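Written below as structure tokens is the structure these notes are about.
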Amino acid sequence: MTERPSKEEYGEHFGTYIDAVPQGNIVDILAEDLKSTSEFLSDLPLEKAEYRYAADKWTIKEVIGHIADTERIMSYRLLRIARGDSTPLPGFDQDEYMKHVNFNASSLADLIADYIAVRKATLTLVHSLADEAWGRKGTASNSVMSVKALAYVIAGHGIHHIQIVKDKYLA
């Protein structure tokens with residue numbers, strides 16, 4: 001699966017994430033990103049885990065939790081659409097989610113383990129897809145979304161946030 005999704009396969013607001021994904025096979029990219037992201041996160045200094053670069057920004061622990069939460073939601077959407085479910089899927093409010101979880105109470109190691117478990121589940125799912133499933137479309141967050149576009153959103157969302165951690169939290 002090396003062909004990038006067309007603009008007709010996703011809502012405009014997902015473009016930032018899709019554009020962040022490098023060229024190549026999306027399944028391979030998700031697997032490679034699992035390795036590079038988990039290694040990067042494992043090398044983070046513990047004293048930085050609860051650092052915020054601004055008062056209204058999340059800590060690195062919260063960013064990791066957010067990446068895992070969002071991947072769970074996007075994978076669920078991908079599953080439903082891949083299986084032919086045409087039920088419109090609602091959006092979610094990331095800030096509301098953050099109000100109801102305390103990622104800072106978890107250890108960095110536990111958050112990394114959770115991220116790894118979520119990504120491995122995503123990889124199991126995408127490996128199981130038949131070729132025709134990749135082009136199926138549904139509605140998520142009031143946008144047309146293809147299965148392929150959702151896989152790109154999953155990869156690009158993580159890549160986007162890890163780049164923010166590198167640029168804003170560790171600079």
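The values are calculated or read from the model by the stated rules, or taken from the named source; none is laboratory data. Quantities reported herein were computed from a predicted structural model and do not represent experimental measurements. Quick reminder, even Gly has a Cβ in these numbers, built from the backbone with ideal geometry, and neighbours come from all protein chains shown. Side chains included, ligands, DNA and RNA excluded: accessible areas come from the protein's heavy atoms. Shrake-Rupley method; radii C 1.70, N 1.55, O 1.52, S 1.80 Å.
Look at segment 110-127 and say how many of its residues are farther than 26 Å from LYS148 by Cα and in contact (Cβ under 8 Å) with a residue 12 or more places away in the chain.
1
Name every residue in segment 106-125 that is of a type in the set (A, V, I, L, M) and more than 14 Å from ILE60 (Cβ to Cβ), in order of residue number.
Selection gives ALA113, ILE116, ALA117, VAL118, ALA121, LEU123, LEU125.
In the list ALA113, ALA68, which residue meets the criterion of being under 30 Å from TRP134 (Cβ atoms), part of a helix (DSSP H, G or I) and touching an Asp or Glu at 6+ places or on another chain (Cβ under 6 Å)?
Going through ALA113, ALA68 in turn, just one is under 30 Å from TRP134 (Cβ atoms), part of a helix (DSSP H, G or I) and touching an Asp or Glu at 6+ places or on another chain (Cβ under 6 Å): ALA68.
Go through segment 13-51 and count every residue that is open to solvent by 60 Å² or more (accessible area, probe 1.4 Å) and free of Cβ contacts under 8 Å to residues at least 40 places away in the same chain.
Residues meeting the conditions: 9.
Failed condition for ILE81, given (1) in contact with a Lys or Arg (Cβ under 8 Å, 6 or more places away or on another chain); (2) in a loop (DSSP other than H, G, I, E, B); (3) surrounded by 12 or more Cβ atoms within 10 Å (Cβ to Cβ), with all others met?
Going through (1) in contact with a Lys or Arg (Cβ under 8 Å, 6 or more places away or on another chain); (2) in a loop (DSSP other than H, G, I, E, B); (3) surrounded by 12 or more Cβ atoms within 10 Å (Cβ to Cβ) one by one, ILE81 breaks only (2).
If you scan segment 120-139, which residues turn out to be crowded, with 17+ Cβ neighbours inside 10 Å and either of a type in the set (Val, Ile, Thr) or at pLDDT below 95 (or both)?
THR122, VAL126
Filter segment 140-161 for residues that are open to solvent by 20 Å² or more (accessible area, probe 1.4 Å), among the aliphatic types (A, V, I, L, M) and not in a helix (DSSP H, G or I) and give the result.
VAL144 - this is the single residue of segment 140-161 that is open to solvent by 20 Å² or more (accessible area, probe 1.4 Å), among the aliphatic types (A, V, I, L, M) and not in a helix (DSSP H, G or I).
Out of the residues in segment 84-102 that are within 19 Å of the chain's Cα centre (by Cα) and outside any loop (DSSP other than H, G, I, E, B), state the one that is farthest from GLN163 (Cα to Cα).
Of everything passing the filter in segment 84-102, LEU89 is farthest from GLN163 (Cα to Cα).
Give me a count of the residues in segment 27-65 that are in a helix (DSSP H, G or I) and either within 13 Å of the chain's Cα centre (by Cα) or over 21 Å from LEU123 (Cβ atoms) (or both).
15
From the list PHE92, PHE103, which one is open to solvent by 50 Å² or more (accessible area, probe 1.4 Å), touching a residue at least 12 places away in the same chain (Cβ under 8 Å) and either farther than 25 Å from GLY11 by Cα or out of contact with any strand residue (DSSP E or B) (no Cβ under 6 Å at 6 or more places or on another chain) (or both)?
The unique qualifying residue is PHE92.
Which condition breaks for GLU62 when tested against (1) of a type in the set (D, E, K, R); (2) open to solvent by less than 70 Å² (accessible area, probe 1.4 Å); (3) farther than 15 Å from ILE162 by Cβ?
Against the list (1) of a type in the set (D, E, K, R); (2) open to solvent by less than 70 Å² (accessible area, probe 1.4 Å); (3) farther than 15 Å from ILE162 by Cβ, GLU62 comes up short only on (3).
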